[in-house]
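J.: Below is one structure. I have some questions about it.
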Amino acid sequence: MTTATRMTESELIDACLAQDRLAQKMLYDRYSAAMFTLAYRMTNDFELANDALQEAFVKIFRSLHQFRRESTLGAWIKTIVTRTTLGLIKKQIQFSPLPDDINHHIVDWGHALDVEYLEKAIQGLPSGYRTVFVLIEVEGFSHKEVAELLNISVGTTKSQLFHARKKLKEYLETMEK
């Protein structure tokens, strides 16, 4: 058997399924930091992000036997963390009603942004804007996927993203002054 630090993804999954506690810890250690970052970006709340992460990993270990290996383990885990986090924050997310004929322009950010500067700006967005922005722009979900996850229309995801970008640009411009 391969040592825990050198396990391939497939070996790690098999060891976890065999209830190998070292492998389970390794799986958690391998993915928890990135998944916490995702949950925090979505919630803007350390405690809620921690709750989402813990709840998601319980689901991951309970349903690992259902993982069909059709995608990477990381992509599968990311989906579970995203859905778990959304389940915890759905009551807090508020989407602003917007007209359907909104002009969807690409926002010109002007120059390169400092990561901390941008993170602060993203966390300052209203919850609906922030959630859609993070899922689409940061995590790479499509409008259709986000619409299904949030149980909203594709038009709403597009308008929320448009307004998130606009608010971010305004916020970043005021921070520069």
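J.: Which residues, counting only those in the range 55-79, are within 13 Å of TYR28 (Cα to Cα) and free of Cβ contacts under 8 Å to residues at least 60 places away in the same chain?
T.: Of all residues in the range 55-79, those within 13 Å of TYR28 (Cα to Cα) come to 55-61, 64, 73-74, 77-78.
The answer is GLU55, ALA56, PHE57, VAL58, LYS59, ILE60, PHE61, LEU64, GLY74, ILE77.
J.: Considering each of TYR28, TYR40 in turn, give the residue that is touching a residue at least 24 places away in the same chain (Cβ under 8 Å), touching a helix residue (DSSP H, G or I) at 6+ places or on another chain (Cβ under 9 Å), surrounded by 15 or more Cβ atoms within 10 Å (Cβ to Cβ) and among the hydroxyl-bearing types (Ser, Thr, Tyr). Before you say what the answer is, go through the steps one by one.
T.: On the way: TYR40 fails: touching a residue at least 24 places away in the same chain (Cβ under 8 Å).
TYR28 is the lone residue from the list that is touching a residue at least 24 places away in the same chain (Cβ under 8 Å), touching a helix residue (DSSP H, G or I) at 6+ places or on another chain (Cβ under 9 Å), surrounded by 15 or more Cβ atoms within 10 Å (Cβ to Cβ) and among the hydroxyl-bearing types (Ser, Thr, Tyr).
J.: Given the options LEU17, LEU12, LEU22, LEU48, name the one that is touching a helix residue (DSSP H, G or I) at 6+ places or on another chain (Cβ under 8 Å) and within 30 Å of GLU119 (Cα to Cα).
T.: On the way: LEU17 fails: within 30 Å of GLU119 (Cα to Cα); LEU12 fails: within 30 Å of GLU119 (Cα to Cα); LEU22 fails: within 30 Å of GLU119 (Cα to Cα).
Of LEU17, LEU12, LEU22, LEU48, the one residue that is touching a helix residue (DSSP H, G or I) at 6+ places or on another chain (Cβ under 8 Å) and within 30 Å of GLU119 (Cα to Cα) is LEU48.
Read the figures in this text as sums done on the coordinates, not as results from a lab. Everything quoted here is computed from the prediction, not taken from an experiment. Note that we place each Cβ from the backbone using ideal geometry, even for glycine, and neighbour counts take in every protein chain shown.
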